[in-house]
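To keep things clear, I will list the structure first and then write my remarks on it.
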Amino acid sequence: MKSKKPFGITAAIFAGLVLGILFGLFMPGRYEFLLPVVNLISGMYMNALRMMIYPLVFCSLIAGIQGIGSVSATGRVGVQSVLYFTATTLFASLLGLFLPKALGLGQGVSIEMADTVVEATRFTSLMDTVQNLIPANPIASFANGDMLQVLVFAIIVGITCLSLGQKAEPFVRVAESINDISVRIVSAVMCVTPVGVFCSIAAVIYANGTETIKALGAVLVALYVTMFLYAVVVYGGIVRVLGKCSLKEFFVKVMPAALNAFGTCSSSATLPLSKRCADELGVPNEISALALPLGATINMDAVSIVMSFMIVFFANACGVEISFGLLAVVLLSNTLLSIGTPGVPGGAIASFAALAVIAGLPAGIMGVYISVNTLCDMGATCCNVLGDIACSVAMKETIRLEPSPARAGETA
């Protein structure tokens, strides 16, 4: 029965996704009066997930560091995660630039631009991010939803608890209890995930409308095919070769998180489900507690594919020549900007605005990009979440952790 459970919830979420798409298409007109109810349920579902993100991340990370048992091993998990995410994001950016240029996407396309003002992400934000890694006010970091600062604060507290040993044991026990409570609440939220995904995707489809869905169809199809192949070939290869896990087992067990990410467009809000899927794949908490939150923050492979695709598409459509030298600049900029993109719906808009300026595109293209951003964001978030879990599965084999003395004594 245990092996059938993931398939059951996956089937229910998939049914909610399909029904939500259909309902969103037919809602204008006869069922439009239900829109407030749909938005209400969607908002409540998203709040229920977000409610547990930071307690789960903070406490599971502290518990995970205690399980690792040494500062050096914690460093190995963190460094390997960062290297993994940076390498895959760079490769994704390169792929996103090469394919649409080779296919000539956007050539001969006429785009009607709208005047849209979007505040671009400053390219110097990477330095600001490094400068602000250590939170001056940890409580504000939790309140403002700054995942990177919460991660750093949790690592500092976890390593300090590790160095204090028995003196920090009462606090560690509290963190472990909160972690268990968070996991139980997430399990309860899983029961209503099909309904939450139904309402979330219905609201997205309704907001965009059928005309927007039909617009830019060729580039969206090419984009989704690229992300699908990237997930199967790149993530599948990593899981199979490094993680020693069958592709069937991996993709079956990660589907709840992947479908939830597709419907909600938020890798951060999907973190609790990603953690659950990683547990089902046998990833130790010591690895997933650090790799998954880090991935939700800096692993933006699919976002970099989307931004690269759109830059080349709009450049071709607007008659802007992008030389190979400029492509190299866009590649590096895209990698850095996508890593800094927040894992929330619409988080890539400001980054794309900055990238468009670097590529020399007219400001009017932002109106067109925003109209299809959500449609791109759904697939990109799904792909990113798959990459987060694939990293943790691979590290299950590439990093061998010795149990901490304290936990080993308890087990004995």
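So here's what we get for this one:
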| item | result |
| --- | --- |
| Of Lys101/Lys248; Lys253/Lys396; Lys167/Lys396; Lys101/Lys244; Lys167/Lys275, pairs whose Cα-Cα distance is over 25 Å | Lys101/Lys248; Lys167/Lys396; Lys101/Lys244; Lys167/Lys275 |
| Mean Cβ neighbour count within 10 Å, used as a protection proxy, ranking 88-98, 224-234 highest first | 88-98, 224-234 |
| Distance from region 187-202 to region 131-182 (C-alpha centre basis), Å | 29 Å |
| Calculated FRET efficiency for the pair Phe33/Val221, C-beta based, R₀ 25 Å, to 0.05 | 0.15 |
| Packing-based ranking, highest mean first, of 276-287, 297-308, 74-85 given that Cβ atoms within 10 Å are counted | 297-308, 276-287, 74-85 |
| Rounded, prolate or oblate (a/c below 1.5 giving rounded, otherwise prolate when a/b exceeds b/c) for region 187-319 by Cα gyration tensor | oblate |
| Projected label distance in nm at Asn137 and Glu397, using a 7 Å step from Cα toward the beta-carbon | 4.7 nm |
| Percent carbon-and-sulfur accessible area, region 198-313, ignoring ligands, DNA and RNA, probe 1.4 Å | 70 percent |
| Cα gyration tensor shape for region 15-98, rounded if a/c is under 1.5, else prolate or oblate | oblate |
| Modelled label reach - Asp279, point 7 Å along Cα→Cβ, region 373-394 residues with backbone N closer than 19 Å | 386, 388-394 |
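The values are calculated or read from the model by the stated rules, or taken from the named source; none is laboratory data. This one's a predicted model, so the numbers in the text were calculated from it and none came from an experiment. FYI the Cβ positions are ideal-geometry reconstructions off the backbone, even for glycines, and counts take in every protein chain you see. For the accessible areas, the whole protein counts, side chains as well, though only heavy atoms, and no ligand, DNA or RNA atoms are used. Shrake-Rupley method; radii C 1.70, N 1.55, O 1.52, S 1.80 Å.
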